[in-house]
Each structure stands twice: as C-alpha cells, then as structure tokens.
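Visitor: Mind having a look at this structure? Questions to follow.
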Amino acid sequence: MFATPGSRTQGYKPRGRYRYVRKIYSANGTYTWNAPRDLEPWTPVNITVLGAGASGGGVATTASTCSTGGGGGGLALATLVGKLAAGQAITITVGAGGAPPTAGANPGNAGSTSSFGSLVSATGGTAGGAGSTAAQAGSAGGTGSGGDLNITGGKSRSSAVQNGASNTVEDGGDAPLGFGTGGKAPLTNAAGVAGVGSGSGGSGCAQPGAGGTARAGGAGADGLVIVELWTADLNYMNSVNT
C-alpha cells in the first residue's frame with residue numbers, strides 16, 4: 001500500500017545515522033508537522049494526501065427504492081525538493097469521512113478535503129444520492145491537486161430498481177491504489193455499510209418491497225496524510241504526531 005523506503009526518491013539514500021521515517025496521519029483533524037532540523041534543500045520529502053470518502057444515501061419506506069453509495073476520496077502523491085526548510089511548521093488536515101444521513105430518503109454527506117499545507121491536497125468524494133424509484137448514476141470520487149501524480153477517487157456504483165426484486169448493488173467508491181474499499185451494499189432492507197479503509201465511500205441501501213424500515217446509508221472513511229523522508233534528527237524520529 002505504501003511506498004517502500006526511497007522508492008519515490010530516485011535512489012536518494014544518505015549514509016550514517018540516517019533513517020527513513022514515515023509519519024502517518026489517519027484520523028480526522030488538524031495537526032502541525034515540524035520538519036526535522038537537519039532537512040537540507042536537496043532532501044526529498046514524499047507526501048501522500050488522500051481525501052475522505054462520502055457517505056451513501058438513505059431510503060424511506062416506499063417500496064422498490066434504492067440509493068447510491070458515496071464516492072471515494074481523491075489522491076495526490078508528491079515528492080517535494082527545495083520547498084521545505086529545516087524546522088518549518090506545516091499544517092496538516094485529514095478530512096472527515098461523510099457522516100451517515102438521517103434514515104429516510106436523504107442524500108449522504110460529502111467527504112472532506114485533506115491537505116499538506118497549501119502544497120498538496122485532495123478533495124473528498126461526492127455524497128451518495130437519496131433513495132428513489134428511478135435509476136441513479138453513481139457518485140463521483142474526489143480529485144488530487146499539487147501532486148506529481150493526481151488520481152481521482154473511485155465512483156460509486158449506479159443503482160437500479162427491479163420492482164420489488166433484488167436491486168442492483170449500490171456499493172461505495174473505492175479509494176485509489178488500494179487504500180480503501182467502498183462499503184458493500186446489502187441487497188435486503190438493511191442500513192448501508194461503511195467504507196473499509198482510508199478514503200473509501202459508504203454504500204447506499206435498498207427498499208425492495210413494501211413494509212420495510214427507513215434506512216440510512218453507510219459512513220465514508222476519513223482521509224489520510226503520509227510524510228516520508230530520510231533524517232538523522234532523533235527528536236523528529238521520536239516525536240508524536242500532534
């Protein structure tokens with residue numbers, strides 16, 4: 001899932017006491033990243049930014065209705081050289097996954113944007129559509145920005161209703177490069193399923209027949225930010241993400 005040490009630095013590998021350090025920020029929130037004190041202008045810093053997944057839409061008690069899942073977050077991969085200074089403080093934001101909507105024919109909630117300062121960012125997935133008797137297109141994934149490689153998140157599956165028979169699957173969108181898998185929608189009258197893994201979208205849900213219960217779509221997963229570099233700064237190696 002993650003890059004191996006040095007695989008995105010074109011052979012850069014300092015000698016001596018240097019270690020390849022990976023810091024992972026995987027829970028929604030705002031953090032301050034402080035560059036190591038020995039960071040040189042030529043030291044490559046690998047940045048991975050993944051937007052949050054959106055939640056799926058819900059369904060009411062109306063028979064033969066179906067909602068769509070939320071889109072997966074976008075992804076940006078960047079190698080920064082000469083853009084950061086030793087000891088520099090950068091604000092990291094990890095986007096929040098879309099919360100499930102209130103049970104009923106309500107749309108889901110979009111995933112939030114993740115970012116590494118103003119240099120690299122990725123938007124969250126688009127909210128899943130509310131339950132409907134008409135077929136619906138899937139919800140779009142987010143997009144990466146500022147990376148050497150910017151990837152669009154997975155689109156959720158489209159929905160279709162078969163007049164009381166089993167409805168087509170309304171799975172959530174996947175996060176790029178295997179970071180997360182969209183929630184797998186139930187074919188019966190059950191709540192949507194949350195996305196599994198960072199940046200994944202929650203599923204929609206179905207109301208195949210009459211007399212069912214109103215349901216909510218599945219939750220989207222939080223985004224992700226990863227910072228990787230070589231350093232000999234022991235304080236940086238041992239510091240806790242805050």
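Every number here is computed from the coordinates shown, using simple stated rules; none is lab data. A quick note: this is a predicted structure, and the numbers were derived from the prediction, not measured. Here Cβ is always computed from backbone atoms with ideal geometry, including for glycine, and neighbour counts include all displayed protein chains.
Visitor: Using alpha carbon centroids, what distance separates the stretch 168-242 and the stretch 65-88, in Å?
Guide: With the stretch 168-242 and the stretch 65-88 each reduced to a Cα centre, they are spaced 15 Å.
Visitor: May I ask you to evaluate 6.51 cos²θ - 1.76 cosθ + 1.60, the Karplus curve with θ = phi - 60°, for each residue of the stretch 41-58 and list the ³J(HN,Hα) values in order in whole Hz, giving x for glycine and proline?
Guide: Once θ is set to phi - 60°, the couplings for the stretch 41-58 become x, 8, 6, x, 10, 8, 10, 10, 10, 10, x, 7, x, 8, 8, x, x, x Hz.
Visitor: With runs of 4+ DSSP H residues as the only contributors, calculate the mean residue ellipticity of the chain at 222 nm using -39,500 (n - 2.57) per run, divided by the residue total and rounded to the nearest 500.
Guide: -500 deg cm²/dmol
Visitor: Can I get the semi-axes of the chain's equivalent ellipsoid? Compute them from the C-alpha gyration tensor as square roots of 5 times the eigenvalues, in angstrom, largest first.
Guide: 42, 14, 12
Visitor: Given a Förster distance of 51 Å, report the FRET efficiency between Thr188 and Glu40 from their Cβ-Cβ distance, rounded to the nearest 0.05.
Guide: Computed FRET efficiency for Thr188 and Glu40 comes out at 0.30.
Visitor: Same structure again: Amide H neighbours of Gly29 under 5 Å, at least 5 residues apart or on other chains, H built in the peptide plane: list them.
Guide: Residues meeting the amide H criterion: Val94.
Visitor: Here is a further query. Explain nothing, just compute: Karplus ³J(HN,Hα) = 6.51 cos²θ - 1.76 cosθ + 1.60, θ = phi - 60°, for every residue of the stretch 66-77 in order, whole Hz, x for Gly and Pro.
Guide: These are the phi-based 3J(HN,Hα) values: 8, 10, 10, x, x, x, x, x, x, 9, 10, 10 Hz.
Visitor: Note the full-extension length gain between Thr133 and Thr30 as 0.36 nm times their separation in residues minus their Cα-Cα distance, in nm to one decimal.
Guide: Working it through step by step, the gained length comes to 33.0 nm.
Visitor: Further question: Could you put Ser67, Ser118, Ser145 in order, starting from the residue whose Cβ has the fewest other Cβ atoms within 10 Å? Please report the intermediate quantities before stating the final value.
Guide: On the way: Ser67 34, Ser118 9, Ser145 18.
The fewest-first ordering by Cβ neighbours comes to Ser118, Ser145, Ser67.
Visitor: Run the numbers for Asn241 and Thr62: contour at 0.36 nm per residue of separation, minus the present Cα-Cα distance, in nm.
Guide: So the chain would gain 59.7 nm between Asn241 and Thr62.
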